Amino acid sequence: MTTGQLIKNWINMIRASFNQILKGIRSDKILNKIGSGKIVYFENPLEEIAFRCIHFEIGKPSKYFAKHYGRDEYQIDFDSGNIIMAVLEGKPISKSRYDRYHLIPGVFRNRCDRISEPNRQWAISS
């Protein structure tokens, strides 16, 4: 390996470590907001899904709503794998971004246009 390649590899390792630290901070931020009972907006940009979490009552599960790029909001189970991955891999977003999320065209959604409507929800949510 050349010196240039070694430096690139070293920079990539530093960047990957930094990204892992940032993911942990984002995850803690989302979990702390959920625990405090605030309305929380967050997204998983890789899956092109945004979530809204509303905590109504202590001791009961929060209610979660989801939006995909180009789709309207729908309620989702609190123990959904999509929510868990969004908390672990995602990032907090503003209410205004969530409100217009369904207007954003997405790469993943465009690939799913050939799937029929009843199966489309299943294909994206599973």
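The values are calculated or read from the model by the stated rules, or taken from the named source; none is laboratory data. Computed from a predicted model, the values in this text were never measured in an experiment. Neighbour counts are summed over all protein chains in view; Cβ atoms, including those assigned to glycine, are modelled from backbone coordinates with ideal geometry.
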Checklist entry - Are there any pairs, at least 6 apart or on different chains, whose C-beta atoms fall under 8 Å, with the first in the range 46-61 and in contact (Cβ under 8 Å) with a residue 24 or more places away in the chain and closer than 20 Å to Tyr98 by Cα and the second of a type in the set (A, V, I, L, M) and exposed (fewer than 11 other Cβ atoms within 10 Å of the Cβ), and if so, which? => result Glu48/Val107
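Going by the conditions given, is Ile34 surrounded by fewer than 13 Cβ atoms within 10 Å (Cβ to Cβ) and at pLDDT below 80? Let's see the steps before the verdict.
Working: surrounded by fewer than 13 Cβ atoms within 10 Å (Cβ to Cβ): no; at pLDDT below 80: yes.
In short, no.
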Checklist outcome for this item: For the range 43-95, the count of residues that are in contact with a Gly (Cβ under 6 Å, 6 or more places away or on another chain), part of a loop (DSSP other than H, G, I, E, B) and polar (S, T, N, Q) equals 0
Next on the checklist: Being assigned to a helix (DSSP H, G or I), out of contact with any Pro (no Cβ under 7 Å at 6 or more places or on another chain), over 30 Å from Leu103 (Cβ atoms) and at pLDDT 75 or above: is that true of Leu6 here?
Outcome noted: yes
